[in-house]
Amino acid sequence: MQALYPDKASNLSGYKEVFEKLLLIDAEDSDISIDVVQQKDDFDGEEYVDVSGTYKYPKNEEEKFSQAIEFTPWNQWLGMEISQESFIHFSELEIISHCLYEMTFMGFEEEEIRDELNSIESTIENYKNMTDEEKDANTTSLDELLKDLENENNEENESTS
């Protein structure tokens, strides 16, 4: 874990605790396979490892695509198969480490992860209930956000020159 995620070394005890909890949890059957793949970020070109899920038997168009699984209950993670392609590119220990990182991305307790998911779902529901005027007043487009970030960077560079 530490070799793959050196910036997470201070959390090793948290990962160990989660791993030990997983040993005691009964797996629940799942129709999702775990995919661990090397990706290149479209934004900055940096490589990273992506852990996602793919339905074995998709029931609709959405299920044909890669699924985010970081909010999935741990007993369901344990019931997922790992795609054969993942084993071509990663060792078992690397796969376990990448999955453990993804499982705990939102927290080291399942309750904490559920709370985060509930918060996100609440935000989505609040957004859906906004009028168009409220949406305009309370949101920023990606273009505007990137422009603001660029302006901040320019101001920082000018002040350090």
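The values are calculated or read from the model by the stated rules, or taken from the named source; none is laboratory data. Only a predicted model underlies this, so the values are computations on that prediction, with no experimental measurement involved. Reconstructed Cβ throughout: ideal geometry from the backbone, glycine too, with neighbour counts over all protein chains shown. Please note that ligands, DNA and RNA were not included when accessible areas were found on the heavy atoms of the full protein model with its side chains. Shrake-Rupley method; radii C 1.70, N 1.55, O 1.52, S 1.80 Å.
Figures for the structure shown
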{"item": "Selection from the range 47-105 of residues that are open to solvent by less than 20 Å² (accessible area, probe 1.4 Å) and assigned to a helix (DSSP H, G or I)", "result": "TRP74, TRP77, SER86, ILE95, SER97, HIS98, CYS99, LEU100, MET103"}
{"item": "Flag for GLN38 being touching a residue at least 40 places away in the same chain (Cβ under 8 Å) and within 17 Å of the chain's Cα centre (by Cα)", "result": "yes"}
{"item": "Number of positions in the range 138-161 that are within 30 Å of PHE71 (Cα to Cα) and in a helix (DSSP H, G or I)", "result": "7"}
{"item": "Residue list for the range 22-38, filter: open to solvent by less than 70 Å² (accessible area, probe 1.4 Å) and not β-branched (Val, Ile, Thr)", "result": "LEU22, ALA27, SER30, ASP31, SER33, ASP35"}
{"item": "Within the range 106-133, tally of residues that are of a type in the set (Val, Ile, Thr), without any contact (Cβ under 8 Å) to a residue 12 or more places away in the chain and either assigned to a helix (DSSP H, G or I) or touching a His at 6+ places or on another chain (Cβ under 7 Å) (or both)", "result": "3"}
{"item": "Scope the range 1-20; condition open to solvent by less than 70 Å² (accessible area, probe 1.4 Å) and not aromatic (Phe, Trp, Tyr); matching residues", "result": "MET1, LEU4, LYS8, ALA9, ASN11, LEU12, GLY14, VAL18"}
